[in-house]
1. Of the conditions (1) in contact with a Phe, Trp or Tyr (Cβ under 7 Å, 6 or more places away or on another chain); (2) more than 27 Å from H160 (Cα to Cα), L54 clears all except one; give me its number.
2. Please state which one of L76, L45, L115 is within 16 Å of the ligand (Cβ to nearest atom) and either within 29 Å of F153 (Cα to Cα) or open to solvent by less than 20 Å² (accessible area, probe 1.4 Å) (or both).
3. Do you know which of the residues in the range 79-92 that are within 16 Å of the ligand (Cβ to nearest atom) and out of contact with any strand residue (DSSP E or B) (no Cβ under 7 Å at 6 or more places or on another chain) is nearest to G18 (Cα to Cα)?
4. Report, by residue number, each residue of the range 68-88 that is assigned to a helix (DSSP H, G or I) and at pLDDT 95 or above.
5. For the range 134-165, give me each residue that is out of contact with any strand residue (DSSP E or B) (no Cβ under 7 Å at 6 or more places or on another chain) and either in a loop (DSSP other than H, G, I, E, B) or among the charged types (D, E, K, R) (or both).
6. Filter the range 1-24 down to the residues that are away from the ligand (no atom under 15 Å from the Cβ), in contact with a Leu (Cβ under 9 Å, 6 or more places away or on another chain) and in a loop (DSSP other than H, G, I, E, B) and list them by number.
7. Exactly one of these conditions fails for D28: (1) within 16 Å of the ligand (Cβ to nearest atom); (2) buried (at least 16 other Cβ atoms within 10 Å of the Cβ). Give me its number.
8. Is it the case that R137 is modelled with pLDDT of 90 or more and touching a Pro at 6+ places or on another chain (Cβ under 8 Å)?
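The values are calculated or read from the model by the stated rules, or taken from the named source; none is laboratory data. Since the structure is predicted, the reported quantities are computational estimates derived from the model, not experimental observations. Reconstructed Cβ throughout: ideal geometry from the backbone, glycine too, with neighbour counts over all protein chains shown. Quick note on the areas: whole protein, heavy atoms, side chains included, nothing else; ligands and nucleic acids left out. Shrake-Rupley method; radii C 1.70, N 1.55, O 1.52, S 1.80 Å.
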Amino acid sequence: MRVLIVEDEVALRDSLKGKLAEAGFTVDVAADGEEGLFAALEFPLDVAIVDLGLPKVSGLEVIRRVREQRKSYPILILTARDRWQDKVEGLQAGADDYVAKPFHFEEVLARVQALLRRSGGWASPELACGAVSLDTRAQTVKVNGAPVELTTFEYRILEHLMLRAGEVISKTELTERLYDEESERDSNVIEVLVGRLRRKLDPQDSVKPIETLRGRGYRFALARSSTA
Ligand code: CA
C-alpha cells in the first residue's frame, strides 16, 4: 500500500515516514502544500495523510483540488488544534477521517488501515477469502487455519490483492504500490514474487488463490467470506 505524507514539521514527517515504512507501507513525503499537491495528483497512491496547516498551499486546498481531479483514495487529515471547525472543513473538503495533534502513531496507523479496508469494501481487519485469511493488524496469513510465513514484499502483494479481492490488478499497479518514487522499479520482480507467493500459499496447487490474466494482471480469485 502506498501512502503520501504531506507535513511541514520535519521531525513529525520523518517519524511518520519511518514508522509507516516499518508497518509495511511504501511511503512518499512532501514538505509543503505545493509539493504535496503535485505528489497527490501524480503518484499512484492508496491513501494520503495531509496536515491542514501547510506552507504555500493549505491542506484544505490540497484536498479540494485532489477531489476536483476525481482522485478518490482516502485522505486522513492531521489537525494542529483541537478545533472542531478544522475537522468539519477538512471533511467537507473531501477528507475521510482526522487525527488531532498530538497523537500516538498507533492511532494514525489504525485509522489509515481502517480507511484502506473500507475503500476495499472490507468491514473487519481480518480479510477472509475461502481458505486464505489475512490479518491486517498482525500482518499474518493463514491457509486453512495454518500460519504461512511470508516476506515483507510477499505480504504486501497479498494484502494489496486481497484488499481488492475480485478486481484485476495490473503488474504496473502492483509495482508502483511496492516502490516509492526514488526506488528503481522492475516489474519482472513482481512475477517472481507472485510465483513464490503462490507456492507458499498453495504448495499442492489445489486452492488457486491468485489468478493470472494474460496481459492484464492478477486477481485474487477466492470469494470473500465477509464483506462490509
Ligand atoms: Ca503544519
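1. (1)
2. Details: L45 fails: within 16 Å of the ligand (Cβ to nearest atom); L115 fails: within 16 Å of the ligand (Cβ to nearest atom).
Within the list L76, L45, L115, the selection yields L76.
3. This residue is A80.
4. Kept after step one, since they are assigned to a helix (DSSP H, G or I), are these residues of the range 68-88: 68, 84-88.
Across the range 68-88, the qualifying residue is only E68.
5. Matches in the range 134-165: R137, A138, Q139, N144, G145, E149, T151, E154, R156, R164.
6. Of the range 1-24, the ones away from the ligand (no atom under 15 Å from the Cβ) are 1-4, 17-24.
Now restrict to residues that are in contact with a Leu (Cβ under 9 Å, 6 or more places away or on another chain): 1-4, 19-20, 23.
Once the filter is applied, which keeps residues that are away from the ligand (no atom under 15 Å from the Cβ), in contact with a Leu (Cβ under 9 Å, 6 or more places away or on another chain) and in a loop (DSSP other than H, G, I, E, B), the range 1-24 yields M1, A23.
7. (1)
8. Values: modelled with pLDDT of 90 or more: no; touching a Pro at 6+ places or on another chain (Cβ under 8 Å): yes.
Taking the combined requirement at face value, the residue does not satisfy it.
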